[in-house]
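See structure below.
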Amino acid sequence: MSALSLHTWMLLALGSVASAALALALGRMVQRLWPQTVSTPAVWFAAWCLAVLPPLLSVLLAGWAPAPLAALPVALPLPLALDNPATTLDAVVSPGQGWPSLGDVLMTAWLLGSALALLRLLAGSWTAYRVVRDASEILDASNWPGPASAQQVLALRAQGISIRLTSHAMTPFAVRWPRPTIVLPESALHHFSDLQLRLVLRHEAAHLERGDPQRAGLMAMVGALLWFNPFVRRIAARVQMAAELRCDAMALAGDAVAGRSFAVAYLGALRLAGHGSAPGPVTALTHRDMAGHQLRIQHMLRGGSALRTSWPGRVAVLAALLVSGAVMTVVQAAALSPAPLPPLTTLSSMSVAMAPASIAHLVAAEQRFSAPLARVRINSHFGDNDGIRQRAHRGTDFAARVGTPVMAPADGVVLAATPNYPEGDQYGTVVVIDHGNGWQSLFAHLDSTGLKPGQRVRRGDLVARSGRSGRVTGPHLHWELLFNGERVDPLKHLQ
């Protein structure tokens, strides 16, 4: 993750937010056209996938898709190791250099936010586990308010579902791990009627039957990684609401009379939970917004049968969302993909090398490079020949602490990434990048690199970490820029 440049981080963040915002807008538009989709979890889950998958898939496509062969530069031979620090003492790094790049700061902020969100999720899961563990299992339902709820308990136990009572004042909830379990507050036995308890049990059993706890857990983990995206959270809330409405419908089976009793039980459960002190957000039944409560109560009063989506309608909506997701993925992958390298010139490397100096200067002036460090401070210029040097300096030295990110100055292909550069032990760990059209970059005295020969890099990608390998007096970055095998001043070609 640290190899991502600031440009890539910004594209990923903006792509994630744009995908989620578009998915939410499409979901709302579909709901206005077909109001019944408000109780169709599959439609809103598809919208959630549309929000979270395109950025991820675009990264995979941009990183793994093979680049066009025509865009690959013609590799030149490895440059000879000419600059010899044995006779060239390099300056020690100045204090205050090597600050983290903005890309590293963004990565750190994302990691901290994700870690906090995951810890909060883990704490809630642990709280739910303790509530389930400490709750007492119902083995005998003879003392329940009536035969309907008692028979429902026996039927669920026959299906392998455990029914437990907790002393905490909270709304009922269901969990799938370590075993399918429905947890009810003890107060429910005293405040709910026989019919109401049966409906509550059927509602929670519907959640287990549909696999809602697993789906909610998956969405919660992904949401923790996308903690910066408010649209993902809003779509996840729509998915949960649709699941609640669907389970209400499964519990009522179109019985409007029972729906009135269920609505009363729902309000009673909210009041009981509001007067208690639940140990954490361990229930999925509670909605914080008044509109959600109103929607569920109206749905219950209609027996749960007024909001149904036909299969052709579901297929049409899902197809539209999938097409939108494919288009968004392609667009974001195109934005993340590296720009094609400059086309090969009509002159070969040999003809350029043999051309007059004026022509070579004209070709060389067309190429521009980015600085390899986020903060540039030069210790030694190209061509320096002071008292401690026996010959002119063949590169440019930048002050950089050990571990400072080194970015690719332009697109290219890695020719070498090794601590054993041919006949260049004084260079230490070296990375050589061929930029095409006769241009090459050589970075020396590196601390580490994760590149491999033949790997393609883009301008701004992290290619190595600066260090003090080889023969040096202190940590710094040594950059040599070559044009058709001849060293040139890197500073004259910085953009």
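Only the coordinates and a few stated rules stand behind these numbers; no lab work does. Everything numeric here is computed off the predicted structure, so don't read it as measured data. So basically every Cβ, Gly included, is an ideal-geometry build from the backbone, and we count neighbours across all protein chains shown.
Structure values in brief
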{"item": "Summed side-chain charge close to Thr449 - residues other than Thr449 whose Cβ falls under 14 Å, Lys, Arg +1, Asp, Glu -1", "result": "0"}
{"item": "Relative contact order computed over the stretch 107-306 (Cα-Cα under 8 Å; 6+ residues apart), in percent", "result": "26 percent"}
{"item": "Förster-model FRET efficiency, 22 Å R0, Ser370 and Leu116, C-beta, rounded to 0.05", "result": "0.05"}
{"item": "Convex hull of the stretch 114-163 built on C-alpha atoms - directionally averaged projected area, nm²", "result": "4.7 nm²"}
{"item": "Rounded Å value of the spacing that divides the Cα centres of the stretch 424-469 and the stretch 130-167", "result": "66 Å"}
{"item": "Stretch gain in nm, segment Ala13-Met290, where the contour uses 0.36 nm per residue and the Cα spacing is subtracted", "result": "96.6 nm"}
{"item": "Using distinct alpha-carbon pairs, which all enter the 1/r mean, Kirkwood radius of the stretch 107-306 in Å", "result": "17.5 Å"}
{"item": "Proximal charge balance of Trp48 [Cβ under 13 Å; K/R count +1, D/E count -1]", "result": "+4"}
